[in-house]
Amino acid sequence: DRNRLARETELAITGAAPFDTEFRIILPDGGLRYLRSAARLIRDDDDAPRLVVGVNWDVTEARTLASDLEYRASHDELTGLMNRSAFDTELRSVLDRVHDAGGEHTLLYIDLDQFKVVNDACGHSVGDRLLREVAELLSGCLRDGDVLARLGGDEFGALLTKCDAAEGQAVASALCRTIESYRLFH
């Protein structure tokens, strides 16, 4: 980052290109601020460098908002898991890699039977709690690098990368045992 900043500054000062960059500042308390800086060389009538005019502005709020929107676009609001759209993108990416390089992966589909009964009998707040707790339980059963998503309603998907059929079956069995032993108390 410092080398790029130095190159852009030099280009702006020599007039070869305008300077326009963003950089991160770490505050003494550990907080982060993002600044955008732009500068341009002003020349006189004889084309000699006259002065550099620049401006800096704090773009931390805009960066934070953009990051938040990006997260919300790819994650389920209730469970915090990846959503269907992001899961589909991840699945396409894995399929492309399989096509190019081969390898085995396992795709699991998980549907909670009788979930509607919980919502109807106990209310949506209890149903929401059940979904959050199940999402946490499922996450705990997966390996590092595996992907879990809430596909909608009471449906979840898991993508187990670099996972052959036997290992996928073992993970699926562990997921089933975990859900079967789960008890909802309200």
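The values are calculated or read from the model by the stated rules, or taken from the named source; none is laboratory data. It should be emphasised that the depicted structure is a prediction, and the values quoted were computed from it without experimental measurement. Neighbour counts run over all protein chains shown; Cβ positions are idealised from the backbone, glycine included. These area figures cover heavy atoms from the full protein model, side chains too; ligands, DNA and RNA do not enter into them. Shrake-Rupley method; radii C 1.70, N 1.55, O 1.52, S 1.80 Å.
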Can you give me the relative contact order of the stretch 128-172 as a percent, contacts being Cα pairs under 8 Å and 6 or more apart? 29
Kirkwood hydrodynamic radius, computed over distinct alpha-carbon pairs, for the stretch 63-137: how many Å, to one decimal? 15.0
With springs only between Cα atoms under 10 Å, which of VAL126, VAL55, VAL94 fluctuates most in a Gaussian network model of the chain? VAL55
Measure off, as a whole percent, the carbon and sulfur share of the 1.4 Å-probe accessible area of the chain, all protein chains present. 52
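Quickly rank 144-157, 57-70 as a protection proxy: mean count of other C-beta atoms within 10 Å, highest first.
Ranked by mean Cβ neighbours within 10 Å, highest first: 144-157, 57-70.
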Value at 222 nm in deg cm²/dmol, rounded to 500, when DSSP H runs of n ≥ 4 in the chain each add -39,500 (n - 2.57): -15500 deg cm²/dmol
Which ³J(HN,Hα) values in Hz, rounded to whole numbers, follow from the phi angles of the stretch 19-27 under the Karplus curve 6.51 cos²θ - 1.76 cosθ + 1.60, where θ = phi - 60° and Gly and Pro get x? 9, 7, 8, 10, 8, 9, 10, 8, 7
Quick one: accessible area per residue over the chain, 1.4 Å probe, rounded to a whole number of Å²? 67
Heavy-atom accessible area ranking, 1.4 Å probe, most first, across LYS116, LYS162: LYS162, LYS116
Can you pull the accessible area of ARG143 for me, 1.4 Å probe, Å² to the nearest 10? 70
Could you state the per residue volume, in Å³, of the convex hull enclosing the Cα atoms of the chain? 200
